[in-house]
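Participant: Handing you a structure now.
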């Protein structure tokens, strides 16, 4: 066989095998849902944290608050304000998409209507829904829209749209998720008109008990020009939090 015939045969073989190679690569690519499952698998089941929340207004003024949070799974969150004195004891509860807030000055527990969950959480740039959290797999349709490097991290880009738009105040959410450790680095929130509303930046990651935890979260409201920074000062991972912690009678406890 001549050298020319060998070359031609080699090219033909490559052409024949190329579809199989491409199919093999495609099979290795994770789906959006698989990425979300891996993110959940690489997250602690429960947390107790003490954080400092700083609200920066467009005018340049700021307010500092200390909060303690108990989190269990994707659908149970309890938050209590420890300082300053004028809001100490204010508490927020979110369980299975039902939200309540307790204001000591009124001595009354108030349920938050679905239409108000997109409102500001205690004057911050986080909404009640942001604090209560979402079930990314159950509440949203997810799509892997691409990959890119963000802050020197290779990331998947997920685009999520609410399955029931009436229950969620955003038309779309985009998330940048680290490919190696499956934690979220950046999240964009779009308003009901499809315009960018807020951007959440997660940083200062530390590995603790096998989990990568963001010690700093900064929510920037690009439409208002304000931002809220939450810095975690103390963290307890996977504590045994009793279900009674996530009941309305806990809201009024001191």
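Participant: Between residue 224 and residue 98, what length in nm is gained on full extension when 0.36 nm per residue of separation is reduced by their alpha carbon distance?
Facilitator: On the way: separation 126, 0.36 × 126 = 45.36 nm, distance 2.75 nm.
Going from the current span to full extension adds 42.6 nm.
Participant: Residues in segment 36-50 near a label at residue 174, defined as backbone nitrogen under 20 Å from the 7 Å Cα→Cβ point?
Facilitator: Only 36 pass the distance filter.
Participant: Please list 76-86, 116-126 highest first by mean number of surrounding beta-carbon atoms within 10 Å per residue. Please report the intermediate quantities before stating the final value.
Facilitator: Details: 76-86: 15.8, 116-126: 18.2.
Per-residue Cβ counts within 10 Å, averaged per peptide and sorted highest first, yield 116-126, 76-86.
Participant: So if I restrict to the alpha-carbon atoms in segment 113-179, what is the Rg, and what is Dmax, the biggest pairwise distance, in Å?
Facilitator: Expressed in Å, the Cα Rg and Dmax of segment 113-179 come to 13.6, 41.
Participant: Angle, helix 32-41 long axis vs. longest principal axis of the chain, Cα atoms, 0 to 90°, nearest 10?
Facilitator: 50 degrees
Participant: Further question on the same structure: Sort segment 26-123 into rounded, prolate or oblate with this rule: let a ≥ b ≥ c be the square roots of the eigenvalues of the Cα gyration tensor; rounded if a/c is under 1.5, and if a/c is not under 1.5, prolate when a/b is larger than b/c, oblate otherwise.
Facilitator: Here segment 26-123 falls in the prolate category.
Participant: Using R₀ = 25 Å, calculate the FRET efficiency as 1/(1 + (r/R₀)^6) where r is the Cβ-Cβ separation of residue 181 and residue 54; round to 0.05.
Facilitator: Rounded to the nearest 0.05, the efficiency is 0.40.
Participant: Could you tell me which label, among (1) 18.0; (2) 19.1; (3) 20.4, carries the value of Kirkwood radius over Cα pairs in Å calculated for this structure?
Facilitator: (3)
Participant: Would you kindly give the portion of the calculated P(r) for segment 101-243 that falls above 18 Å, as a percent of all Cα pairs? Numbers along the way, then the final one.
Facilitator: On the way: 6445 of 10153 pairs.
Cα-Cα pairs of segment 101-243 separated by over 18 Å account for 63 percent.
Just so you know, all these numbers are worked out from the coordinates, no wet-lab data involved. Bear in mind the structure is a predicted one, so any value in this text is a computation, not a measurement. A quick note on method: Cβ atoms are made from the backbone with ideal geometry, for glycine too, and the neighbour counts reach across all protein chains shown.
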